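See structure below.
The values are calculated or read from the model by the stated rules, or taken from the named source; none is laboratory data. Remember, it's a predicted structure, so these values are computed and weren't measured experimentally. Please note: Cβ atoms are built from the backbone with ideal geometry, for glycine as well, and neighbour counts cover all protein chains shown. Each accessible area value is taken on the protein alone, full model and side chains, heavy atoms only, with ligands, DNA and RNA left out. Shrake-Rupley method; radii C 1.70, N 1.55, O 1.52, S 1.80 Å.
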Amino acid sequence: MSKKLNRWYDHGEGTGGNVIDLVCKITKSSVKETLRFLEQDRASFSFQQRPVLSNDNHNGIQILHARPTLHYGLLQYLFERRISISTASAICMEVHYLNKGRRYFAIGLKNVSGGWELRNKYYKNSSSPKDITHIKNGIEKLIVTEGMFDLLSILEGTEESNLEYDFLVLNSTAFVSKAIEIMKGYLQIDLYLDNDSNGRRTTQKLMAHSINCLDKSMLYEGFKDMNEWLIYNAKKRLGQEARDVSLLPQKQTRFTPDGRKVKKK
């Protein structure tokens, strides 16, 4: 996504365009309806105008509304974390809310009790009630992650998993007991927890309660989590693509005495 060029590209679907094309695509509206929507939304809130929120007062958050993710700041944030619009739209929303009388917005993932996990470039927070997120597709295989971006990273890299698994996002490792109860109904449980001391302890606890658990953290060994691994590999691919382009045969030119460029024959 390029703010300077006012262009976007969804690598998941292989489509792109300008901001009007994007809003038309997400809202399934006409150009006329989209222009009216953008005019009404001109007073959107800028990240740069907002202070960093603390993460210790969930009860102070009042959800106003949730809608498909449209705000440029949030789309840019997804791009920076290498998550496509189509992947994020499958499980997340753009959530607007009040905190201590001020309005904010974020990428939101809803939990089973109606609360939201809220993320943007500058903060992470959640609304009451705090709980797990369990996405059911009627499959006997389950993927377990700690946070929403871990799951988004898995979905980004393996599109088929969207149909082959149910998903459980802990949203906090404090919900291990709830996870253990949910796991009882699954024949295969793939654990994608963080590569830190807390994540490893949580993995061990879950594996101790079910022989059906598989520790998948070796996939992103050397990285804190799936999203850090995804970002690294995306940058690595871009670097390789740039090197490949530089190795292609280049058109050669020479200068005439009067300074004009001409192609070499």
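Taking into account only those residues within segment 108-120 that are assigned to a loop (DSSP other than H, G, I, E, B) and open to solvent by 40 Å² or more (accessible area, probe 1.4 Å), which is farthest from residue 227 (Cα to Cα)?
In this case the residue turns out to be 113.
Can you tell me which residues in segment 211-226 are part of a loop (DSSP other than H, G, I, E, B) and touching a strand residue (DSSP E or B) at 6+ places or on another chain (Cβ under 6 Å)?
Within segment 211-226, 212, 216 meet the criteria.
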Output for segment 176-196, where each listed residue is within 17 Å of residue 218 (Cβ to Cβ) and not β-branched (Val, Ile, Thr)
188, 190, 191, 192, 193, 194, 195, 196
Identity of the residue in segment 92-107, over 15 Å from residue 74 (Cα atoms) and not in a strand (DSSP E or B), that ends up least open to solvent (accessible area, probe 1.4 Å):
101
Please work out if residue 220 is over 27 Å from residue 113 (Cα atoms), aromatic (Phe, Trp, Tyr) and under 19 Å from the mean Cα position of the chain (by Cα).
yes
In segment 88-128, how many are under 12 Å from the mean Cα position of the chain (by Cα) and more than 13 Å from residue 63 (Cα to Cα)?
8
Here is a list of conditions, (1) free of Cβ contacts under 8 Å to residues at least 60 places away in the same chain; (2) in a helix (DSSP H, G or I); (3) farther than 14 Å from residue 152 by Cα, and residue 77 meets all of them except one; can you say which number that is?
(3)
